[in-house]
Amino acid sequence: MIQAPKRLNLDGDAVLREAVDRISSANRLTQSRRNFLRASLTLGGLSMLTGCMLDDSASVDAALGSISRFNDKVQGWLFDPNRLAPTYPDSMITRPFPFNAYYAENEVRQVEESGYRLEVTGLVADKRQWSLPELRAMPQTDQVTRHICVEGWSAIGKWGGVPFASFLRRVGADTSARYVGFKCADDYFTSIDMPTALHPQTLLALTWDGQVLPPKYGFPMKLRMPTKLGYKNPKHIQAIFVTNSYPGGYWEDQGYNWFGGS
């Protein structure tokens, strides 16, 4: 006979705090976010709070989605658009800087510079395409910052390029829009919130350690954000779009946290 679960006398505030702590600590785990959150539903009474049965896949997915969206909102509230990530001297640059992608290094995409054009669409006034010489002619800056991977490792690198906020204003982007999305030559895609896009350290990176960005690090261009985890930093960018419709992302659609703050 199937019996209804017994009602438990839970401290809702304590359970919610535990949930948030466990979701935040997932950034340091090597297993997938979805598996971690699924396990979390059995801890601290989360399964009771979400009202789902753990053998009901649809209910679990709905619960995980609710928790992840809550986590995104909390990170968005806590994000300070004026707070800078730490910077480092050149002597602390990690050499060799690790390669990281959803494929092996011998499968790195090769993009021809001569035919490259950056597409800009969505809620922007100027939708023309940009060549690399045009992007390199814009005012440039560089930074030595730490890349933090969701798998638990980190490395310090030197990136140079166009401040993304300057580029968005140059193309007349609607900076009140919610999202900026990216499509890449290696079929990767992701999206970020507008406050992060406008952060002073968010960079359209064209160089690595003073040299043209190598293919393994994202040639012709990657988005470098020291305020985000590594999987939020797309490489081989081909298209940028500004939108109010949630764009998702390669890993985010598989259960990773969308905000991805570091």
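Coordinate-derived values only; no laboratory data. Quick caveat: nothing in here was measured; it's all calculated off a predicted structure. Positions of Cβ are generated from backbone atoms using ideal geometry, with glycine treated the same way; all protein chains shown enter the neighbour counts.
Between THR94 and TYR250, how high is the FRET efficiency from 1/(1 + (r/R0)^6) when r is the Cβ-Cβ distance and R₀ = 25 Å? Nearest 0.05. Before the final figure, lay out each step's value.
Working: r = 25 Å, r/R0 = 0.98.
After rounding to 0.05, the efficiency reads 0.55.
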(message) Need one number: % antiparallel among DSSP beta bridges in region 151-227, to the nearest 5.
(response) 100
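Under 15 Å from the Cβ of ASP126, count the other residues' Cβ atoms, weight Lys and Arg +1, Asp and Glu -1, and hand me the total. Walk me through the intermediate numbers first.
Working: positive: ARG117, LYS127, ARG128, ARG169, ARG170; negative: GLU119, GLU134, ASP174.
Summing Lys and Arg as +1 and Asp and Glu as -1 gives +2.
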(message) Relative contact order for region 86-153: what percent, with Cα pairs under 8 Å and sequence separation of 6 or more?
(response) 40
(request) Sticking with the crude label model, points 7 Å out along Cα→Cβ, report the distance from TYR102 to THR175 in nm, one decimal please. (result) 3.2
(message) Around ASN106, under 15 Å between beta carbons, what's the net of Lys plus Arg minus Asp minus Glu among the other residues?
(response) -1
